[in-house]
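The values are calculated or read from the model by the stated rules, or taken from the named source; none is laboratory data. Predicted, not measured: the structure shown is a model, and the values here were computed from it. Using ideal geometry, Cβ is built from the backbone for each residue, glycine included, and neighbour counts are taken over all protein chains shown.
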Amino acid sequence: MKSLIRLLLPVVALALPVTAQTDAIISKARAYLGSESALQALKSVHYKGHLTSTIVSGTGETREDKAAIDIVFAKPYFQRIAVTAPDKTETTALDDYEAWQRIENPGNTAHWQMSVLDTALIRRLRANAWENLSFFKGIERNGGRMEDQWIGGDRRRSTSSALVSTWKRDCISPLLRPELGMIGHE
């Protein structure tokens, strides 16, 4: 028994600074966004904007596609993402444990299709809703964890690391960049 304790004690001692560092990075990122009381009081987030994508055909011709985007997240696990382009409207919605997607033609509303999303997509949407409303605080209570990962996945070739939220079933989400104290991407 004593040898087991001697073996595990250094492992636990090494893990404690990582947890403290993770908590400090999350606190810094949350402070960047607003006060703790303001973040706790938040019940929903609404994003509006436009998407522009450039499409290159097989012959090398390019064209731009534009669409309006409207995203709403609400506590605890609700979201609606609507992307409206001239040729189609795509709506994806999450209602706690149920999710669906509807695609329709704005010129002919009788022409549409709807599908119920599978469990893997529901988990990803739930993780996305939680992250947009909780700002990474309390992830452990919801089946997730924060991991320190090297950007690019290789410690030897990367010069910086980031905290990545990982959920059950390997649903990986945006990065918290420690040097910036805010959410960032590779």
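Return yes or no: is residue 3 at pLDDT below 85, farther than 28 Å from residue 138 by Cβ and either assigned by TED's automatic domain parsing to the domain that holds residue 93 or hydroxyl-bearing (Ser, Thr, Tyr) (or both)?
yes
Which one of 84, 89 is of a type outside the set (D, E, K, R), in contact with a Pro (Cβ under 6 Å, 6 or more places away or on another chain) and surrounded by 12 or more Cβ atoms within 10 Å (Cβ to Cβ)? Break it down stepwise before answering.
Details: 84 fails: in contact with a Pro (Cβ under 6 Å, 6 or more places away or on another chain).
Answer to the selection: 89.
Looking at 94, 33, which one is assigned by TED's automatic domain parsing to the domain that holds residue 145, under 23 Å from the mean Cα position of the chain (by Cα) and closer than 29 Å to residue 145 by Cβ?
Result of the check over 94, 33: 33.
Criterion applied to 71, 81, 103, 55 was being in a strand (DSSP E or B), under 26 Å from the mean Cα position of the chain (by Cα) and modelled with pLDDT under 95, and the one residue passing it is 55.
Quick check: anything in segment 130-137 modelled with pLDDT of 90 or more, among the hydrophobic types (A, V, I, L, M, F, W, C) and out of contact with any Gly (no Cβ under 8 Å at 6 or more places or on another chain)?
At the first step, the residues of segment 130-137 found to be modelled with pLDDT of 90 or more are none.
No: zero hits.
Residues in segment 92-120 that are surrounded by fewer than 16 Cβ atoms within 10 Å (Cβ to Cβ) and under 26 Å from residue 66 (Cβ atoms): 15 in all. Residues in segment 44-89 that are in contact (Cβ under 8 Å) with a residue 40 or more places away in the chain and either closer than 25 Å to residue 111 by Cα or among the basic types (Lys, Arg) (or both): 2 in all.
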